[in-house]
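Bear in mind these aren't lab numbers, they're just calculated from the coordinates by the rules spelled out. What you are looking at is a predicted structure, and each value in this text was computed from that prediction instead of being measured. Methodologically, a virtual Cβ is constructed for each residue, glycine included, from the backbone with ideal geometry; neighbour enumeration extends over all protein chains shown.
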Amino acid sequence: MWIEANIDGLVGPSHHFGGLGVGNLASHEHAGQVSHPRKAALQGLRKMQLVASLGIPQFLWLPPWRPNWQLLANLGFRGPPPQRLAAALAEQPQALSAAFSGAFMWVANAATITPACDSADGRDHITPANLIASWHRAGEAAERRSELELFFPSPRSVVHQPLSAIVPLRDEGAANHMRLCAPAGDIAFHLFVYGADGEELSPAWQFLPRQTRAASEAIARRHRLSPDRVVGLRQHPHAISAGVFHNDVIATSHLNVLVHHELAFLDAEQVLDDLEGRFYQTTGVPLVRRVVRQEEMSVQEAVASYFFNSQILSPPLDRGRGGVDVPKMLLLCPRQCQQSPAAGAVIKRLLADPEVPIDHVEFVSLDESMAGGGGPACLRLRMWTQRQNLATLPASRRVTSQLVDRLGQTIERWYPHQLTLPELAELAVVEQIDEATRRVHQCVASL
Ligand code: SUG
């Protein structure tokens, strides 16, 4: 029995709105506004606590250190720290924002993960995403390597190098990958979604597509996935222009359930019909695919409400013992969906559909993350493990009520209440960010 575990990225103390998300409308809209790192981290922690409280294995990754002095040095900003920071702010504010980036919280972009049961060599394969489309994210792969190796030790797993940092191989990780499988978890199909083939550019593009076909195909090859279980899908250019910078902004999936917008993919109906047939033949269970039509919810509304960035979760059935009702599947939506009549109608339709196993919905408040374009699903990376191997995953990163309490107190005490980009050039703020990072690392190490 293979089960899904979630790893969430803890928001760091330098969380701010730099406006650097390529094709990401929320990021652009909030650029330069006042951020609230403490609130952001507590909101993310509460989401992890909720998922853990359902009996779903929930882990977290800690924030890397900020600022990234190496990045500033590479860009030629040298000298004593105050001078370096002031020069970056004056001459290239994007560089200052990138050096203090808190975007690592969105770990759905950290890597593409495929479990051992899917690979020809019987090992888990992990490709850290190179994230080369944006200023502030390209350094994350190196920073996350030790956390990845902690969760995926050799020789059971292979943590590959990120794909080469070249334009045709733009890769943004699990946000553009969907693993569909039977509820037992071991027979799977992989959907890779990309916005461009490779090096081509088009004058029709409003925004640079962040994932390429060349990158997705390389990942499928190096992960040794069976080609007859891999499906490539092109993102609809209309969706990218409307602010769908990752597939998880327009499609969501879990086990044998796939919900997507009709404008998520280009010319994919035949491929997806075919997939439904093959999925049933191979797994013996139907692929429950539901399409949201444009008249039901426009792409603009999907981007505004972030409905498709909801997480679908399966609480373990043994929680039902003792008379507690357990939902078959739960939909964890951003609270913005409550303000969207279109999202409300789609949720109602899914709950009423007897073939869709989702029978419960919860709303979470993640406003600070949402303002940077990150909903519930962006904050988590899924991994699959055999139930009996769960105990071998790093206990220090497991979200328990004790960890939540202690981390909550640490965040309350040490994280900045609010931040703006110019404040990041102040030495006192830099020291506070450094101290807060040290405190959360110490807090987790001490448990
Ligand atoms: O890469 N936002 C992130 C949001 C990532 C969301 N992830 C998924 N969809 N899986 C991004 O655009 C904002 C940073 C800023 O505003 O400067 C940012 O990086």
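Report, please, the projected area of the chain averaged over directions, based on the convex hull of its C-alpha atoms, in nm².
Working: hull surface 82.5 nm².
Average projection, Cα convex hull of the chain: 20.6 nm².
Rank these for me by crowding, Ile56, Ile7, Ile187, Ile166, going from fewest to most other beta carbons within 10 Å.
Taking fewest neighbouring Cβ atoms as first place, the list is Ile166, Ile187, Ile56, Ile7.
Roughly how many whole Å is it from the C-alpha centroid of the stretch 107-157 to that of the stretch 345-385?
Cα centres, the stretch 107-157 to the stretch 345-385: 23 Å.
Relative to the longest principal axis of the chain, what angle (0 to 90°, nearest 10) does the C-alpha long axis of helix 427-445 take?
Computed tilt is about 50 degrees.
Within the stretch 108-152, which residues have the backbone N less than 17 Å from the label spot 7 Å out from Ile166 along Cα→beta-carbon, could you tell me?
Within reach of a label on Ile166, which here means backbone N under 17 Å from a point 7 Å along Cα→Cβ, the stretch 108-152 contributes 130-133.
Find how many whole Å separate the alpha carbon centroid of the stretch 417-439 from the alpha carbon centroid of the stretch 27-55.
Centre-to-centre (Cα) distance: 18 Å.
Return the percentage of antiparallel bridges among DSSP beta bridges fully within the chain, rounded to the nearest 5 %.
Values: 27 of 51 bridges.
Counting only bridges with both partners in the chain, antiparallel ones make up about 55 percent.
State whether the stretch 65-136 is rounded, prolate or oblate according to the following rule on the C-alpha gyration tensor (a ≥ b ≥ c being the square roots of its eigenvalues): a/c under 1.5 gives rounded; otherwise a/b larger than b/c gives prolate, and the remaining case gives oblate.
Note, shape of the stretch 65-136 comes out prolate.
Got a sec? How would Phe152, Phe279 order by Cβ neighbour count within 10 Å, fewest to most?
Listed from fewest to most nearby Cβ atoms, that is Phe152, Phe279.
Shape call for the stretch 264-368 from the C-alpha gyration tensor, a ≥ b ≥ c root eigenvalues: rounded (a/c under 1.5), prolate (a/b greater than b/c) or oblate?
Oblate shape, in that a/c is at least 1.5 and b/c is the bigger or equal ratio.
Measure nothing fancy, just the Cα-based angle from helix 140-151's long axis to the longest principal axis of the chain, in degrees from 0 to 90, nearest 10.
Between helix and principal axis, roughly 60 degrees.
For every helix of n ≥ 4 consecutive DSSP H residues, a contribution of -39,500 (n - 2.57) applies; sum these over the chain, divide by its total residues, and give [θ] at 222 nm rounded to the nearest 500 deg cm²/dmol. Please list the in-between numbers first.
Details: 14 runs with 145 residues, N = 447.
Calculated mean residue ellipticity at 222 nm is -9500 deg cm²/dmol.
As a test, work out the antiparallel percent of DSSP beta bridges whose residues both lie in the stretch 217-339, rounded to the nearest 5.
Close to 60 percent.
On a 0 to 90° scale, report how tilted helix 213-222 is relative to the longest principal axis of the chain, with both axes built from alpha carbons and the result rounded to the nearest 10.
The helix 213-222 is inclined about 80 degrees to the chain.
Are there cysteines in the chain with no other Cys C-beta under 4.7 Å, and if so, which?
Within the chain, the cysteines lacking a partner Cβ under 4.7 Å are Cys117, Cys181, Cys378, Cys443.
Which shape class applies to the stretch 328-386: rounded if a/c is under 1.5, otherwise prolate when a/b exceeds b/c and oblate if not, where a ≥ b ≥ c are the square roots of the Cα gyration tensor eigenvalues?
Oblate, since a/c reaches 1.5 and b/c is not below a/b.
Listing Glu269, Glu149, Glu262 from the residue with the fewest other Cβ atoms within 10 Å to the one with the most, what is the order?
Glu269, Glu149, Glu262
Quick check: net charge around Arg349, other residues with Cβ under 10 Å of its Cβ, Lys/Arg +1 and Asp/Glu -1?
0
Considering only the other residues whose Cβ falls under 15 Å of the Cβ of Lys47, what net charge follows from Lys and Arg at +1 and Asp and Glu at -1?
Every neighbour counted, the sum reads +1.
When only DSSP loop residues count, what trypsin sites (Lys or Arg not before Pro) in the stretch 125-206 have their Cβ near at most 13 other Cβ atoms within 10 Å?
Details: sites: Arg137, Arg144, Arg145, Arg156, Arg170, Arg179; in loops: Arg137, Arg156, Arg170.
Here the sparse-neighbourhood loop sites are Arg156.
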